[in-house]
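Undergrad: Structure provided below as structure tokens; questions to follow.
The values are calculated or read from the model by the stated rules, or taken from the named source; none is laboratory data. This one's a predicted model, so the numbers in the text were calculated from it and none came from an experiment. Cβ placement follows ideal geometry from the backbone for every residue including glycine, while neighbour counts extend to all protein chains displayed.
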Amino acid sequence: MSGRRWWKGSILTTAAMVLIALGVPQVVDQFGLLQLTVFAAMCILALSLGFVWGYGGILCFGQSAFFGLGAYTYAVTAINLGESTVGMLLALVVPAVFAALLGYFMFYGRLSDVYLGVITLSVTLIFFNLMNSTAGDAYRVGKARLNGFNGMPSLPTLNVPGDPGRLLDPAETFYLVMACLVIVYVGLHVLLASHFGRVVVAIRENEARCELLGYDVRLHKLLVFTIGGGIAGLAGCLFANWGAFVSPNVFSLTMTSQIIIWVIVGGLGTLLGPIIGCLIMQYLATALGTQQLANTSLVFGVIFLAFVLLVPRGIVPSLRRLALRA
Amino acid sequence: MDLAAVLTFEILNGVATLVLISVGLAIIFGMMRVINLAHGEFLMLGGYAAIVATNHGVNIWVAMLLVAPLVVGVIGVIAERLIIRVLYGRMIDTLLATWGLSLFFIGIVTTIFGNTVAGIGAPLGSLGVGRYTISLYRLVLIGIAAAILAVIFVALRRTRLGLIARGTMENPNMAAALGVSPPRVYATTFGVGAALTGLAGGLLAPISGVLPTVGAAYVAKAFITVISGGTAILAGTAAASSLFGSINQLLTYFTTPVIGEAGLLAAAILLLRALPHGITGKLFRGSL
């Protein structure tokens, strides 16, 4: 694909997202707005994996570890400080630092793809077990009780920086989440167009060759993984803020497999794909949840299998191919 | 003294549990270099098979030792035929497909049995050791884990099938040139791996109970054990299980089970930093 077409596509997508951000609150009722807010937060999460896996070629099966870590960091900080700004920043930093630490062991140990996927998945599952067992008064961080599998309810929601009494209303929250989504999307595009981004994609294509050309493959992968962890943490913070609630389910197998499905369905190696995949699957999950027609896991499993076996490229790259051929 | 005996028993028990839950995965990984992400669900299906059979009047030992592995083995062979076979050589797609399979199994079992815990009582009683008592059933589990490793060793070393399996593992192309059909070997491997996993699921059902998502409780440990063990099926599983089982049980004894599990993971990550191809990538090379 030529560079010009690439930019054209991403500018169109950005414009569409800005239009949706500005237009939707005028036409949608409160419930729809809340729904779209969580969809947008999840889109950020999908983008984080789309970047790490689709461009960095890092098989991360545990993106929800960083998502959950972000959510819990926000929850604990917001409860302790009674305001949200520091919590939001920490929700970016803590998962990024954890990702860097984990990434150091994985990339500098030169673990292969399969090992990477399995380690990241195991880390998530162990977080899940760990948080589930924090019931009781002994498990608290400052003023915040972790509450085990019951989760932490009534978290302070986002406020205007510097003014803890002035909370954001649903429309403002939606603007904020959409702004984050646009910033992440555009930011990743700019990053990928930079020298760093090109090296990252080159590493995905041929690791040995990049190494022989003198690039530090391990460092690049580590940075990609860290950035992805930070973005996932941001999504986690927005998600926790959305429901004013966080529970160990953010680390669950269901959560982490959903992220993988979004990216698989939407398409690897694009930034638009994960967003589209996330929107489709979120809509489907909501519909299945309200209608009780079939078990969500069952349907997701079938869709997952169908895409891996029949449409391994995912929706967006497949459509793009069709469009190019036509 | 009694305490030391009980602690030793706990450690052996931890090791045996790890051997049980990971040996089926290790066989599939060692032969096909594929991690079966539906492994936890195979354990779960084995548990349900044992419980359903027991509730229908089948003797509990028959249910655990025969019905569970048989049912899951058949499911494994079918899954291999329909899904895994299509993706040979595409390792990452295979991983993803088995993940889809795992969700599918969770969904279908939830639809049939509901999202509740099912269980059966553990057979046998307990044994007094001084001031403590230990469960006889757990003692039997240690014996079964050892027996499984012994049987696999004999099967790989002394039988014709084992020879073919080892040959295919070493060099599939050469084995094919000599008239062995690698796809057939892989199918058998997958079936045997699934059956052993079903056996483990059946044996653990009386201890932990079963619910559709129970797999998640086991898989993390099983994955860690297998990849830290490396590709040698027996030496890898035995070495990694002994190491992590001891760490897990000792930490569990002195702190909490969850710290034990987290310690197991931390130990594995440190170990893989030093030995990226697992224990048998460096030590015991060329062993089974």
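Undergrad: Go through the stretch A:236-279 and give me each residue that's more than 14 Å from chain B (Cβ to nearest Cβ) and in a loop (DSSP other than H, G, I, E, B).
TA: Once the filter is applied, which keeps residues that are more than 14 Å from chain B (Cβ to nearest Cβ) and in a loop (DSSP other than H, G, I, E, B), the stretch A:236-279 yields A:ALA244, A:PHE245, A:SER247, A:THR270, A:LEU271.
Undergrad: Same structure again: Got a number for residues in the stretch B:162-182 being loosely packed, with under 13 Cβ neighbours inside 10 Å and within 23 Å of the chain's Cα centre (by Cα)?
TA: Within the stretch B:162-182, residues that are loosely packed, with under 13 Cβ neighbours inside 10 Å and within 23 Å of the chain's Cα centre (by Cα) number 1.
Undergrad: Here are some conditions: (1) at pLDDT 90 or above; (2) within 14 Å of another protein chain (Cβ to nearest Cβ). B:PRO69 meets all but one. Which one does it not meet?
TA: Of the numbered conditions (1) at pLDDT 90 or above; (2) within 14 Å of another protein chain (Cβ to nearest Cβ), the odd one out for B:PRO69 is (2).
Undergrad: Let me ask something else about it. Grab the helices (runs of 4 or more DSSP H) fully contained in the stretch B:17-121, keeping just those with 1 or more residues being over 19 Å from B:SER208 (Cα atoms) and touching a helix residue (DSSP H, G or I) at 6+ places or on another chain (Cβ under 8 Å).
TA: B:68-79, B:91-113
Undergrad: Still on this structure, I have one more. Hey, can you tell me all the residues within the stretch B:45-70 that are in contact with a Leu (Cβ under 7 Å, 6 or more places away or on another chain), among the aliphatic types (A, V, I, L, M) and closer than 8 Å to B:GLY198 by Cα?
TA: B:ALA68 - this is the single residue of the stretch B:45-70 that is in contact with a Leu (Cβ under 7 Å, 6 or more places away or on another chain), among the aliphatic types (A, V, I, L, M) and closer than 8 Å to B:GLY198 by Cα.
Undergrad: A follow-up question, please. Which of the residues spanning the stretch A:197-230 are within 21 Å of the chain's Cα centre (by Cα) and over 13 Å from A:ILE58 (Cα atoms)?
TA: Residues satisfying the conditions are A:GLY197, A:GLY230.
Undergrad: Then there's this: Select from the stretch B:242-258 the residues that are facing chain A (nearest Cβ under 9 Å) and under 18 Å from the mean Cα position of the chain (by Cα) and list them in ascending order.
TA: Scanning the stretch B:242-258 gives no hits.
Undergrad: Residues A:VAL217, A:VAL265, A:VAL250: which one is of a type in the set (A, V, I, L, M), at pLDDT below 95, in contact with a Cys (Cβ under 9 Å, 6 or more places away or on another chain) and closer than 30 Å to B:PHE105 by Cα? Show your work before the answer.
TA: Details: A:VAL217 fails: closer than 30 Å to B:PHE105 by Cα; A:VAL250 fails: in contact with a Cys (Cβ under 9 Å, 6 or more places away or on another chain).
Residue meeting the stated conditions: A:VAL265.
Undergrad: How many residues, within the stretch A:63-114, are within 14 Å of chain B (Cβ to nearest Cβ) and either under 18 Å from A:LEU167 (Cβ atoms) or aromatic (Phe, Trp, Tyr) (or both)?
TA: Residues in the stretch A:63-114 being within 14 Å of chain B (Cβ to nearest Cβ) and either under 18 Å from A:LEU167 (Cβ atoms) or aromatic (Phe, Trp, Tyr) (or both): 5 in total.
Undergrad: Can I ask one more? Across the stretch B:68-82, what is the number of residues that are more than 21 Å from B:THR213 (Cβ to Cβ), over 17 Å from the mean Cα position of the chain (by Cα) and of a type outside the set (D, E, K, R)?
TA: Total satisfying the criteria: 2.
Undergrad: For the stretch B:9-24, how many residues meet the condition of being within 12 Å of the chain's Cα centre (by Cα) and of a type in the set (S, T, N, Q)?
TA: Total satisfying the criteria: 2.
Undergrad: Something else about it: Looking at the stretch B:259-282, which of its residues are more than 19 Å from B:THR231 (Cα to Cα), within 21 Å of the chain's Cα centre (by Cα) and either surrounded by fewer than 21 Cβ atoms within 10 Å (Cβ to Cβ) or without any contact (Cβ under 8 Å) to a residue 40 or more places away in the chain (or both)?
TA: B:GLY260, B:ALA262, B:GLY263, B:ALA266
Undergrad: Can you tell me which residue is modelled with the highest pLDDT among those in the stretch A:11-38 that are hydrophobic (A, V, I, L, M, F, W, C) and buried (at least 18 other Cβ atoms within 10 Å of the Cβ)?
TA: By that ranking, first place goes to A:LEU36.
Undergrad: OK, next. Name every residue in the stretch A:78-100 that is part of a helix (DSSP H, G or I), buried (at least 23 other Cβ atoms within 10 Å of the Cβ) and in contact with a strand residue (DSSP E or B) (Cβ under 9 Å, 6 or more places away or on another chain), in order of residue number.
TA: A:ALA78, the sole residue that qualifies.
One line per residue, one yes/no per condition, for (1) over 23 Å from A:THR73 (Cα atoms); (2) surrounded by fewer than 20 Cβ atoms within 10 Å (Cβ to Cβ); (3) without any contact (Cβ under 8 Å) to a residue 60 or more places away in the chain:
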position	(1), (2), (3)
A:GLY162	no, yes, no
A:ARG166	no, yes, yes
A:GLU172	no, yes, yes
A:MET178	no, no, no
A:LEU181	no, no, no
A:HIS189	yes, yes, no
A:HIS195	yes, yes, yes
A:VAL199	yes, yes, yes
A:ALA202	yes, yes, yes
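Undergrad: Scan the stretch B:80-91 for residues that are buried (at least 17 other Cβ atoms within 10 Å of the Cβ) and free of Cβ contacts under 8 Å to residues at least 12 places away in the same chain and jot them down.
TA: B:LEU87
Undergrad: Now for a different question. Of the residues that make up the stretch A:115-132, is at least one touching a strand residue (DSSP E or B) at 6+ places or on another chain (Cβ under 8 Å) and either modelled with pLDDT under 80 or within 14 Å of another protein chain (Cβ to nearest Cβ) (or both)? Give the derivation first.
TA: Of the residues in the stretch A:115-132, the ones touching a strand residue (DSSP E or B) at 6+ places or on another chain (Cβ under 8 Å) are none.
Among the residues of the stretch A:115-132, not one is touching a strand residue (DSSP E or B) at 6+ places or on another chain (Cβ under 8 Å) and either modelled with pLDDT under 80 or within 14 Å of another protein chain (Cβ to nearest Cβ) (or both), which makes the answer no.
Undergrad: Take B:VAL109 and tell me if it is of a type outside the set (Phe, Trp, Tyr), away from every other protein chain (no Cβ under 11 Å) and either within 17 Å of B:PHE42 (Cα to Cα) or crowded, with 20+ Cβ neighbours inside 10 Å (or both).
TA: It is false that B:VAL109 is of a type outside the set (Phe, Trp, Tyr), away from every other protein chain (no Cβ under 11 Å) and either within 17 Å of B:PHE42 (Cα to Cα) or crowded, with 20+ Cβ neighbours inside 10 Å (or both).
Undergrad: Ok, one more. Quick one: which residue in A:PRO317, A:PRO312 is assigned to a loop (DSSP other than H, G, I, E, B) and without any contact (Cβ under 8 Å) to a residue 60 or more places away in the chain?
TA: A:PRO312
Undergrad: Tell me which residues, restricted to the stretch B:151-182, are touching a Leu at 6+ places or on another chain (Cβ under 8 Å) and not aliphatic (A, V, I, L, M).
TA: Correct list: B:PHE153, B:ARG157, B:GLY162, B:ARG166, B:GLY167.
Undergrad: Please go through the stretch B:194-233 and give me each residue that is away from chain A (no Cβ under 11 Å), of a type in the set (Gly, Ala, Ser) and more than 11 Å from the chain's Cα centre (by Cα), ordered by number.
TA: Scanning the stretch B:194-233 gives B:GLY202, B:ALA205, B:SER208, B:GLY209, B:GLY229, B:ALA232.
Undergrad: Filter the stretch B:136-161 down to the residues that are of a type in the set (Val, Ile, Thr), touching a residue at least 40 places away in the same chain (Cβ under 8 Å) and under 16 Å from B:GLY125 (Cα atoms) and list them by number. Before you say what the answer is, go through the steps one by one.
TA: Taking the stretch B:136-161 as the starting set, the residues that turn out to be of a type in the set (Val, Ile, Thr) are B:140, B:142, B:144, B:148, B:151-152, B:154, B:159.
Subsequent filtering for residues that are touching a residue at least 40 places away in the same chain (Cβ under 8 Å) retains B:142, B:144, B:148, B:152.
Within the stretch B:136-161, just B:ILE142 meets the criteria.
Undergrad: Which residue pairs have Cβ atoms closer than 9 Å, lie 6 or more positions apart in sequence or on different chains, and pair a first residue in the stretch A:116-140 that is over 30 Å from A:GLY57 (Cβ atoms) and in contact (Cβ under 8 Å) with a residue 60 or more places away in the chain with a second residue that is assigned to a loop (DSSP other than H, G, I, E, B) and charged (D, E, K, R)?
TA: none
Undergrad: Can you name the condition, by its number, that B:VAL77 falls short on among (1) of a type in the set (A, V, I, L, M, F, W, C); (2) more than 27 Å from B:ALA175 (Cα to Cα); (3) away from chain A (no Cβ under 13 Å); (4) touching a residue at least 40 places away in the same chain (Cβ under 8 Å)?
TA: B:VAL77 satisfies every listed condition except (2).
Undergrad: Hey, another quick one. Of everything in the stretch A:280-304, what is away from every other protein chain (no Cβ under 14 Å) and either within 25 Å of A:VAL316 (Cβ to Cβ) or assigned to a loop (DSSP other than H, G, I, E, B) (or both)? Give them in sequence order. Full working, then the answer.
TA: Taking the stretch A:280-304 first, the residues away from every other protein chain (no Cβ under 14 Å) are A:280, A:282-283, A:286-287, A:290-291.
A:ILE280, A:GLN282, A:TYR283, A:THR286, A:ALA287, listed by residue number.
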